[in-house]
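Undergrad: Before anything else, here's the structure in question.
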Amino acid sequence: MYERIREKLGILADAAKYDVSCSSSGSNRKNENKGIGDAEGTGICHTYTEDGRCVSLLKILLTNHCIFDCAFCVSRRSNDIKRAAFSVEEVVELTMNFYRRNYIEGLFLSSGIFKNADYTMERLVRIVKKLRQEERFNGYIHLKTIPGASDELLREAGLYADRMSINLEMPTENGLKLLAPEKSHAEVKKPLKYIQNNITQFESEKALIKSVPKFVPAGQSTQIVVGATAESDKEIMHTANAFYQNFSLKRVYYSGYIPISNDARLPVIGSQPPLIRENRLYQADWLMRFYGFKVQEILNDLHPNLEADVDPKLSWALRNLDQFPVDINTADYFMILRVPGIGVASALKIVQARKFGRLYENHLRKLGIAFRKARHFIRFADSPMLLKEYEAGHIKGIILSESKSKYQANPNNQLSLF
Amino acid sequence: MELYIFDGSLEGLLTAVFECYQRKSRVVKLVSEIHHVPDVFDAGFRVDSDREKGKRVWKGLCRKLGKEWQLRFYKSFLSEQPEAFQHLLNFARYIIDQPTGAWENFAHPDVLAISQTSQKVHREKHRMEAFIRFQKTADDIYYAHIEPDFDVLPLLPDHFQNRYADQRWIIYDLKRKYGLYYDLEKTEEIELDSAPQMSIVNALPSDLLDSQEALYTLLWQDYFKSTNIQARKNMRLHVRHVPRRYWKYLSEKQDQF
Ligand code: SF4
């Protein structure tokens with residue numbers, strides 16, 4: 001009797017997993033009606049898959065039936081696979097029962113497009129509405145925007161969802177046209193803009209009238225598939241940057257293409273997904289969002305691709321040695337942030353601690369910076385005298401030889417190494 | 001140097017701080033009773049836990065420290081680590097003696113230690129919030145037991161009662177033999193006469209469970225497998241995020257035993 005629901009979950013979770021977004025952060029939904037759940041703050045990863053990705057939401061498709069034929073997608077019309085569809089009640093039951101057992105932070109609901117966009121979107125909206133109104137569920141809901149759905153449905157969806165997203169898929173219009181002729185970036189921009197405008201409008205009304213409901217409080221995100229088409233890292237990050245700016249996106253996700261098709265336009269099945277490249281893109285993304293770097297500083301015509309062997313922050317520093325060394329005891333916070341081996345938390349500690357006295361090597365080591373890496377770029381109270389200035393290639397050589405295991409062929413898809 | 005021995009309670013620790021001033025002690029070594037190895041040459045000073053003295057010290061600290069550092073102080077205490085007690089005593093004296101703002105001096109060994117220890121305790125609290133798996137019992141209570149590295153139970157009520165406001169739940173610490181029970185109104189500390197053992201498989205006997213429990217455990221295990229991308233498999237990263245000692249909590253990991 002369990003078999004039917006197990007089979008559906010198997011198919012529809014499997015088809016949903018290529019959307020890498022797992023975040024359940026950025027919302028501010030409280031459990032005010034003594035219902036169930038809340039979605040505040042940073043969200044929790046309740047477990048990690050064996051590939052090391054955070055599991056915080058029940059990520060499923062409503063159905064994997066689809067009228068489109070996007071070459072990079074397992075659910076494409078022409079793919080000969082098992083199809084399934086959940087009922088509205090099944091999704092609600094699964095979500096509630098997983099949530100009550102502390103398995104998840106909420107639901108990430110997406111769908112293949114069956115019949116037409118509005119028909120699909122209407123079903124999705126029905127599910128989230130039922131969760132919010134009948135189950136009094138205040139957990140996190142990430143809802144996919146179905147391209148081509150009507151404004152009315154999008155607006156209604158926004159009243160129940162914490163986050164909405166719609167994927168760019170390929171970094172450029174040409175790439176997309178090649179693999180998904182039925183789709184376009186324009187189709188993605190339209191709903192992004194519509195929802196962005198509504199978010200702004202709801203926020204300004206809420207400032208005046210408290211009772212105005214929430215509207216997509218955790219904002220919007222998108223995903224770019226990496227390595228399916230031939231774009232450079234520069235094209236990818238410049239696109240990402242433009243979308244951050246034009247649509248106030250909260251996140252851009254980069255998803256290394258996993259070969260799932262024998263289509264001649266795509267990498268063959270069995271080839272390695274570009275995981276190191278994906279990791280480097282996330283690091284570049286962090287530099288833009290948290291470290292005050294401009295995209296042009298990281299990627300430009302001279303340097304159109306990120307280096308595989310060193311992270312983009314180190315790479316930038318080595319190209320700009322004239323800006324170093326940075327004096328830890330006097331330099332501006334933003335310059336300390338740019339030192340390879342120093343993260344946001346330790347940069348803050350440094351500027352706090354130096355108010356009490358000059359900082360020495362032993363302080364810096366204890367404050368949690370990657371000292372061996374950073375030492376090439378900083379001066380501190382007991383810095384050794386510099387006999388000669390090293391050039392970039394030499395420094396890179398030292399750093400690489402000291403941190404071999406970390407940089408070598410470890411397909412690492414999460415952010416950890418600055 | 002003077003040796004102070006206290007009873008291991010927070011009140012006792014704060015009283016010890018008070019006594020440092022009262023007795024005009026300079027360097028003080030603080031140990032809790034259970035860690036104390038009696039020494040014929042140094043009987044040490046026995047700190048008598050005292051509510052009033054403890055309160056006065058805490059108030060004094062609160063005047064100097066913001067909410068965040070008050071919490072860090074408490075979290076470090078919950079680490080139950082002998083070194084932490086010493087650092088807490090030194091830290092309290094340092095904060096009281098210095099002008100406000102001294103907590104920003106991360107180059108100071110005790111400030112750094114409190115910041116790091118509280119971070120460890122915080123991480124353990126966060127792991128419990130992540131890794132607890134409730135099982136629904138036949139009488140409608142969601143039950144989970146844990147064996148955390150630190151005594152984090154006192155840090156958990158807010159999170160769980162805000163989130164699971166409309167269901168009754170129990171979180172039980174098997175190591176320290178007490179738990180939290182939320183009865184839809186409030187959360188209370190409880191002790192169970194016969195708490196189940198922490199089996200390697202974190203499961204209550206099936207006759208105590210709700211009839212649907214087996215289904216949802218199974219569906220969760222299925223989901224965990226389906227959402228994995230085989231081509232990206234990276235067990236090193238997996239184990240870094242979910243250290244093996246926590247697997248016993250996780251129903252999705254049950255088939256690993
Ligand atoms: S529309 Fe979406 S589900 Fe359908 S084939 Fe394209 S990417 Fe896949």
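Undergrad: Compute the accessible area of each residue in segment B:161-181 twice, once for its chain alone and once with every protein chain present, using a 1.4 Å probe on heavy atoms, and list those whose area falls by at least 20 Å².
TA: B:162, B:163, B:164, B:165, B:166, B:167
Undergrad: Kirkwood hydrodynamic radius for chain A: how many Å is it when counted over pairs of different Cα atoms? Show your work: numbers first, answer last.
TA: Numbers: mean 1/r = 0.0427 Å⁻¹.
Result for chain A, one decimal place: 23.4 Å.
Undergrad: Quote to one decimal, in nm, the extra length available between residue A:362 and residue A:320 on full extension: 0.36 nm per residue of separation minus the C-alpha distance between them.
TA: On the way: separation 42, 0.36 × 42 = 15.12 nm, distance 2.70 nm.
Here the answer is 12.4 nm.
Undergrad: Using a simple spin-label model with points 7 Å from Cα along the Cα→Cβ vector, what separation in nm is obtained for residue A:186 and residue A:206?
TA: 3.3 nm
Undergrad: Write out the trypsin sites (Lys or Arg not before Pro) in segment A:280-356 meeting two conditions: DSSP loop, and at most 12 other Cβ atoms within 10 Å of their Cβ.
TA: On the way: sites: A:280, A:289, A:294, A:313, A:319, A:338, A:349, A:354, A:355; in loops: A:294, A:338.
Hits after loop and neighbour filter: A:294.
Undergrad: Next question, about the same structure. For segment A:322-382, what is the accessible area per residue in Å², given a 1.4 Å probe and the full set of protein chains? Working shown, then result.
TA: Numbers: 2810 Å² over 61 residues.
Dividing the accessible area of segment A:322-382 by its residue count gives 46 Å².
Undergrad: Taking segment A:318-391, which GluC sites (Glu not before Pro) meet the DSSP loop condition and have no more than 10 other C-beta atoms within 10 Å?
TA: Answer in residue order: A:389, A:391.
Undergrad: Sticking with this structure for a sec: If amide H atoms are built 1.01 Å from N in the plane of the peptide, which residues on other chains or at least 5 residues away come under 5 Å of the amide H of residue B:134?
TA: A:102
Undergrad: Summed for both chains, how many Å² of accessible area, to the nearest 100, are buried between A and B with a 1.4 Å probe? Mind showing how you got there, number by number?
TA: Details: alone 20190 and 15220 Å², together 29900 Å².
Protein heavy atoms only, the A-B interface buries about 5500 Å².
Undergrad: Where both partners of a DSSP beta bridge lie in chain A, what percent of those bridges are antiparallel, to the nearest 5? Please report the intermediate quantities before stating the final value.
TA: Values: 5 of 29 bridges.
Percent antiparallel among DSSP bridges in chain A is about 15.
Undergrad: How much length would be gained if the chain were fully extended between residue A:355 and residue A:308, taking 0.36 nm per residue of separation minus their Cα-Cα distance, in nm to one decimal? Could you put the intermediate results ahead of the total?
TA: Details: separation 47, 0.36 × 47 = 16.92 nm, distance 3.83 nm.
That works out to 13.1 nm of additional length.
Undergrad: Using the Karplus equation 6.51 cos²θ - 1.76 cosθ + 1.60 (θ = phi - 60°), what ³J(HN,Hα) coupling, rounded to whole Hz, does each residue of segment B:3-12 give in order, writing x for Gly and Pro?
TA: 9, 10, 10, 10, 7, x, 8, 5, 4, x
Undergrad: Something else about it: Simple spin-label model, 7 Å along Cα-to-Cβ: residue A:174 to residue B:59 in nm?
TA: 7.4 nm
Undergrad: Give the angle, between 0 and 90 degrees and rounded to the nearest 10, that separates the Cα long axis of helix A:344-353 from the longest principal axis of the Cα atoms of chain A.
TA: 40 degrees
Undergrad: In segment A:31-48, which residues become less accessible by 20 Å² or more once every protein chain is in place, relative to the chain on its own, using a 1.4 Å probe?
TA: A:31, A:34, A:35, A:36, A:38, A:44, A:46, A:47, A:48
Undergrad: If amide H atoms are built 1.01 Å from N in the plane of the peptide, which residues on other chains or at least 5 residues away come under 5 Å of the amide H of residue B:178?
TA: The answer is B:173.
Undergrad: For segment A:26-72 and segment A:193-260, compute the distance between their C-alpha centroids and round to whole Å.
TA: So the separation of the two Cα centres works out to 16 Å.
Undergrad: Another question about this same structure. Quick one: accessible area per residue over segment A:1-81, 1.4 Å probe, rounded to a whole number of Å²? Don't skip to the end; give the middle numbers.
TA: On the way: 3100 Å² over 81 residues.
Counting only protein heavy atoms, the per-residue value for segment A:1-81 is 38 Å².
Undergrad: Moving to a separate point now. Work out the FRET efficiency for residue A:159 and residue B:168 from their Cβ-Cβ distance, taking R0 = 22 Å, and round it to the nearest 0.05. Don't skip to the end; give the middle numbers.
TA: Numbers: r = 31 Å, r/R0 = 1.40.
The formula returns an efficiency of 0.10 here.
Undergrad: Could I ask something else about it? In Å², what does the accessible area per residue of segment A:120-233 work out to with a 1.4 Å probe? Could you put the intermediate results ahead of the total?
TA: Values: 4380 Å² over 114 residues.
That works out to 38 Å² for each residue.
Undergrad: Let's test the formula: R0 of 22 Å, r as the Cβ-Cβ distance of residue B:22 and residue B:43. What FRET efficiency results, to the nearest 0.05?
TA: Values: r = 19 Å, r/R0 = 0.84.
The formula returns an efficiency of 0.75 here.
Undergrad: Work out which residues of segment A:54-73 lose at minimum 40 square angstrom of accessible surface when the other protein chains are put back, relative to the chain isolated, with a 1.4 angstrom probe, and list them by number.
TA: Residues losing area: none.
Undergrad: Next up: In debye, nearest 20: dipole of the protein assembly as shown around its Cα centre with unit charges on the Cβ of K, R (+) and D, E (-)?
TA: Value, rounded to 20: 1300 debye.
Undergrad: Report ³J(HN,Hα) in whole Hz for each residue of segment A:158-173, in order, from the Karplus equation J = 6.51 cos²θ - 1.76 cosθ + 1.60 where θ = phi - 60°; Gly and Pro get x.
TA: Ordered by residue, 3J(HN,Hα) equals x, 6, 10, 7, 8, 10, 10, 8, 8, 8, 5, 6, 9, x, 10, 4 Hz.
Undergrad: Could you tell me which of rounded, prolate or oblate describes segment B:213-257, using a ≥ b ≥ c as the square roots of the eigenvalues of the alpha-carbon gyration tensor, with rounded for a/c under 1.5 and, failing that, prolate when a/b is larger than b/c and oblate otherwise? Present the calculation step by step, with values, prior to reporting the outcome.
TA: Details: a/c = 2.89, a/b = 1.28, b/c = 2.25.
Oblate, because a/c is 1.5 or more while a/b does not exceed b/c.
Undergrad: Out of the total accessible area of the protein assembly as shown (probe 1.4 Å, heavy atoms of protein only), what percent is carbon and sulfur? All intermediate terms of the calculation are to be shown ahead of the outcome.
TA: Working: 15390 of 29900 Å².
Carbon with sulfur: 51 percent of the solvent-accessible area.
Undergrad: Given H placed 1.01 Å from N in the peptide plane, which residues other than close sequence neighbours of residue B:29 have an amide H under 5 Å from its amide H?
TA: Distant-sequence amide H within range of residue B:29: B:2, B:3, B:4.
Undergrad: Quickly estimate the mean residue ellipticity at 222 nm for chain A, helices only: each DSSP H run with n ≥ 4 gives -39500 (n - 2.57), and the total goes over all residues, rounded to 500.
TA: Numbers: 16 runs with 166 residues, N = 418.
About -12000 deg cm²/dmol.
Undergrad: By the scheme Lys and Arg +1, Asp and Glu -1, what is the net charge of all other residues having a beta-carbon under 14 Å from that of residue A:18?
TA: Working: positive: A:17, A:53, A:59, A:76, A:144, B:232; negative: A:14, A:19, A:51, A:169, A:278.
Result for the local shell: +1.
Undergrad: Something else: If you take each beta carbon of peptide A:255-261 and count the beta carbons of other chains within 10 angstrom, what is the mean? Show your work: numbers first, answer last.
TA: Details: counts 0, 3, 0, 4, 1, 1, 0.
So the per-residue partner count for this stretch is 1.
Undergrad: Give the residues of segment B:1-23 whose amide nitrogen is closer than 11 Å to a point set 7 Å from the Cα of residue B:35 in the direction of its Cβ.
TA: So the set is B:6, B:8.
Undergrad: Less than 17 Å apart at the alpha-carbon level, and either on another chain or at least 8 residues along: which aspartates and glutamates does that give for residue A:349?
TA: Partners found: A:327, A:332, A:361, B:68, B:104, B:110.
Undergrad: For chain A, what's the relative contact order in percent, using C-alpha pairs closer than 8 Å and at least 6 residues apart?
TA: Numbers: 692 pairs, mean separation 49.1, N = 418.
Normalised by residue count, the contact order of chain A is 12 percent.
Undergrad: Something else now. Per residue of segment A:238-247, what does 6.51 cos²θ - 1.76 cosθ + 1.60 with θ = phi - 60° give for ³J(HN,Hα)? Whole Hz please, x for Gly and Pro, Karplus curve as stated.
TA: 5, 4, 4, 4, 4, 6, 4, 6, 6, 10
Undergrad: Now for a different question. Give, as a single signed number, the net charge of other residues whose beta carbon lies under 13 Å from the beta carbon of residue B:187, with Lys and Arg counted +1 and Asp and Glu -1.
TA: -2
Undergrad: While we're on this one: Given B:94, B:167, B:154, which one lies farthest toward the positive end of the charge dipole of segment B:88-171, if we put +1 on the Cβ of every Lys and Arg and -1 on the Cβ of every Asp and Glu?
TA: Comparing the listed Cα positions along the dipole, B:167 ranks first.
Undergrad: Now for a separate question. With r as the distance between the Cβ atoms of residue A:30 and residue A:81 and R0 = 35 Å, compute the FRET efficiency 1/(1 + (r/R0)^6) and round to 0.05.
TA: On the way: r = 41 Å, r/R0 = 1.18.
That pair, residue A:81 with residue A:30, gives E of 0.30.
Undergrad: Gain in length, residue A:242 to residue A:398, computed as 0.36 nm per residue apart minus the alpha-carbon separation, to one decimal in nm? Before the final figure, lay out the partial values.
TA: On the way: separation 156, 0.36 × 156 = 56.16 nm, distance 3.63 nm.
Value of the extension gain: 52.5 nm.
The values are calculated or read from the model by the stated rules, or taken from the named source; none is laboratory data. None of these values were measured; they are calculated from a predicted model. Positions of Cβ are backbone-derived with ideal geometry, glycine not excepted, and every protein chain shown enters the neighbour counts. Areas reflect the complete protein model, heavy atoms only, side chains present, ligands, DNA and RNA absent. Shrake-Rupley method; radii C 1.70, N 1.55, O 1.52, S 1.80 Å.
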